[in-house]
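The values are calculated or read from the model by the stated rules, or taken from the named source; none is laboratory data. Note that the coordinates shown come from a computational prediction; the quantities given were computed from them, not determined experimentally. Positions of Cβ are generated from backbone atoms using ideal geometry, with glycine treated the same way; all protein chains shown enter the neighbour counts. The accessibility values were calculated without ligands, DNA or RNA, using every heavy atom of the protein model including side chains. Shrake-Rupley method; radii C 1.70, N 1.55, O 1.52, S 1.80 Å.
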Amino acid sequence: MLVYTIAYIYVVAKKKDIITQIKEQVSDKLNGEVQIANISLSFLASFPSISVKLEQISIRDTLYNQHKHPFFEAERIYASISAINLIKRNNPLNGIRVENGQLYIYTDTSGYTNSYLLSPKSTPGKVKKPSTAKTEIQSIKLINVRLVLDDRRKKKLYDFAVNTFNCKINNSDSTVALKTSNNILIHNFAFNTALGSYVHETLLQADFSVVLNKSRKQLSFEDIEVNLKGHPYTLSGTFSFTQAPTFALKVSTKDVNYEEAKTLLTPKIQTSLSLVKIEKPVNEVFADISGPLNGGNPLVNIRWKVEDNSIVSPFASFTECSLDGSFTNELIVGLPRKDPNSRLQFHNFTGNFAGLKVVSENIYIDNLVYPTISADIKTDFDLTQLNDILGTTTLDLHKGRGSVDLTYTGPLQHNSNRNTSINGKISFSDGTIMYHPHGLPMTNVSGNILFKKTDVYVTDFRGNVQGNKLVMNGSGKNLLALMNTSPGKILLDWNIYSPSLNLNTLTSLLKQRTMGAKKTATKSKLGSTAQNIDEIVNQANFRLNVKADQLTFKKFTATNVKASIGLINENWILNTVSLQHAGGSMAISGNLTAKNSKYYGSNIKVNMQNVDVNKVMDAFNDFGQNGITHKNLRGKLTSTVDIRMDIDRDLQGTPQDINGYVDFSLKNGALLHYAPLEKIQQVAFKKRNFSEIYFAELKDRLDIKNKEINLNRMEIQSTVLTLYVEGVYSLTGPNTDIGIQIPLSNLKNRDDFKLENKGADSKGGASIYVRGRPGADGNVQFKLDLFKKFRKKG
């Protein structure tokens, strides 16, 4: 009290000198305009120290009238003075308290800055005397003070509203230790204002210590506890104030709300992290931010750990999720630290996706402007679980097991301009699938789907379709790229093998595609995947290669069947079909063109080699005619058929509008019990066997048009007669008109007759002519044609 009393008396006595000294020192040290409204002494503000109270202080640079940003202003400043130092004639200032003020360091776009006010004022010609006095400021206190560094040239903005700041200073030769208590609202902490601010509008509350190393010009702190927006964080960092100033900051916390934690980062990074939403608090977060203080974007690395959480992303949503995650804005060192060079990554991922347990070792999301995801995915599941996930209208999965082992690379958000690449395998077994467009169920399904970049391969796909055991393999080139852009351009190569193929049960494949009983789809949990699957099924084109040991359709049977078939929309192209039938072979080509929901228009070419004619005619229902049927004919048939006709889609009705031709050769032929010829025996040659007639080679061309078969002149050398036959056979009856020339040479004994053709153009010599036309009962009746009316008609 004695010392204080003496100091008090001394200060009162020297008040004018002290105030004058402060004004002179401020004016001498600053290059700007200094204004102080009032200076007085206060004995209570910093008791037991004595304070000099400055009121309405402002410091302005020379260009203030242009930019209107005062360098410094405050309502009150208290300069705490040590009475002992004052008596000892040492520098008495040991503490500063600022109330209701602002420090605004400003740099405009041209590079002009008011920070020159921080440099000591120099007067030309004036010799600066060295000072032996040592300033020992032991405390700084700020109350309601705004601190702003606004560098518009380098696009940096640091803006802090200091509610309270108490700092105790311990100054040694090598370091300055600062023990602080803080309540600060951070308005902006922007290293690049174009990218936004970190910890924007964030309240910081903390008591911590920092150390300034004088020789290194480095401020550092270790494991200090701060409270940001009401949540505790641990910080360590260094700020180097060298010629190229830098900083490094490490932040960690636990059990933090993901959405709240994002708000501590820049809007750009927030947008990037918003690709993922995390429902529960994140278990652990570590952030490492470093970079230059005088310009450029900092390097940001963030790591976090999630356990038993729920995560939502544009790609998929998961529950019961655990992972280790991280973010960096410098994926490739040296490239700009911006969104295109940023990466989100997740390791040791496990989660539940719509009931599927999904595992992934690594997931990467790159280029956060156009996000691309790379991920390995593994899961095992019941096939029925895919119904709700896919939501497709074309397929229903009723039973079976499946597994996925894939790596995926592609756009995170659906983007038709960017390719998708998948590698790996999907396997399934013991499945039952309903294929709705044609109403076909497939049972005992197993197989593999292999993915190689944008190509898809199906291997060892087995199943039973309507009693037909099928083994299939297939591929789709560039399928993953086309499925988003041009599903109608997809071409699938598909190989099918069956030991026994029954076409009677598969005629629905020829029917018009329909969604069948399943009219609507559930919402797909994989975005547009359901629509893509439906479009592939409905629009993709197929190149089919079919092999079957045996094939049956109605009465037709064949073996060693091989077919190359194209399916374009609903049009079938029979490139080559070969098979063994009736002791010979057949080759078929042509097309079926969809005309409407009921009919195909067809153009079919058939080449038959050495087949049993009666079996062929029986199998094909005597080709829709009843003139000569399979019951009458025997022999080995070689034929070329080129027919255009309408066929109903279920192959049940008789073909319509038949046009074309048939070239045939029948060897070792026989005509058995053919009534029209048996009637000849009633008139002549009664001793010859017209019920069992054998022929030399029969060959001719049949032209078919408008349901009429035009029989060109055909030579028949048989065991009973030599005949020449020509005319028209009408499938509908009325226009049938057949002429038969019977040479009189037939009167000769034929016991030693050699079955040998002379040629259809042979005149035949003197002959009897018979004409066959429909009778009243509709059947063909043959009568003598004495006046050759048939030939005259021609």
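Relative contact order for the range 664-750: what is it in percent, counting Cα pairs under 8 Å that are at least 6 residues apart?
The value is 22 percent.
With a cut-off of 8 Å between alpha carbons and a minimum separation of six or more residues, what is the relative contact order of the range 353-409 in percent?
About 36 percent, as a whole number.
What's the local net charge at residue 656, with K and R +1, D and E -1, over the other residues with C-beta under 9 Å away?
That sum, taken over residues with Cβ under 9 Å, equals -2.
Cα gyration tensor of the range 421-473, axes a ≥ b ≥ c as square roots of the eigenvalues: rounded (a/c below 1.5), prolate (a/b > b/c) or oblate?
It is prolate, given that a/c is not under 1.5 and a/b is the larger ratio.
Sort 396, 657, 288 by accessible area with a 1.4 Å probe, largest first.
657, 288, 396
Keeping all protein chains in the complex and leaving out DNA, RNA and ligands, what accessible area do you get for residue 552 with a 1.4 Å probe, in Å² to the nearest 10?
Approximately 30 Å² of residue 552 is accessible to the 1.4 Å probe.
May I ask you to give the percent of accessible area on the range 262-309 that is carbon plus sulfur, with a probe radius of 1.4 Å?
Answer for the range 262-309: carbon and sulfur cover 54 percent of the accessible area.
How much accessible surface area, in Å² rounded to 10, belongs to the heavy atoms of residue 242 with a 1.4 Å probe?
Near enough 70 Å² of accessible area.
Quick one: Cα centre-to-centre distance for the range 567-584 and the range 329-383, in angstrom?
48
Kindly sort 713, 750 by accessible area of their heavy atoms, largest first, with the probe set to 1.4 Å.
713, 750
If you stretched the chain out fully between residue 668 and residue 277, how much longer would it get, using 0.36 nm times the residue separation minus the C-alpha to C-alpha distance?
Result: 132.5 nm gained on full extension.
Got the relative contact order for the range 242-286 handy, in percent, Cα pairs under 8 Å and 6 or more residues apart?
Dividing the mean separation by the residue count of the range 242-286 yields 56 percent.
Calculate, in nm to one decimal, what residue 207 and residue 576 gain on full extension: separation in residues at 0.36 nm each, minus their alpha carbon distance.
124.2 nm
Take 369, 616, 404, 683 and sort them by solvent-accessible surface of the protein heavy atoms, 1.4 Å probe, largest at the top.
Ranking 369, 616, 404, 683 by accessible area, largest first, yields 683, 369, 404, 616.
With every protein chain present, what is the per residue accessible area of the range 578-631 (1.4 Å probe, Å²)?
Counting only protein heavy atoms, the per-residue value for the range 578-631 is 47 Å².
Determine the shape class of the range 195-241: with a ≥ b ≥ c the square roots of the Cα gyration tensor eigenvalues, call it rounded for a/c under 1.5, and otherwise prolate if a/b is greater than b/c, oblate otherwise.
Oblate, because a/c is 1.5 or more while a/b does not exceed b/c.
What does the net charge come to around residue 401 if you take all other residues with beta carbon closer than 12 Å to its beta carbon, with K and R at +1 and D and E at -1?
It works out to a net charge of -2.
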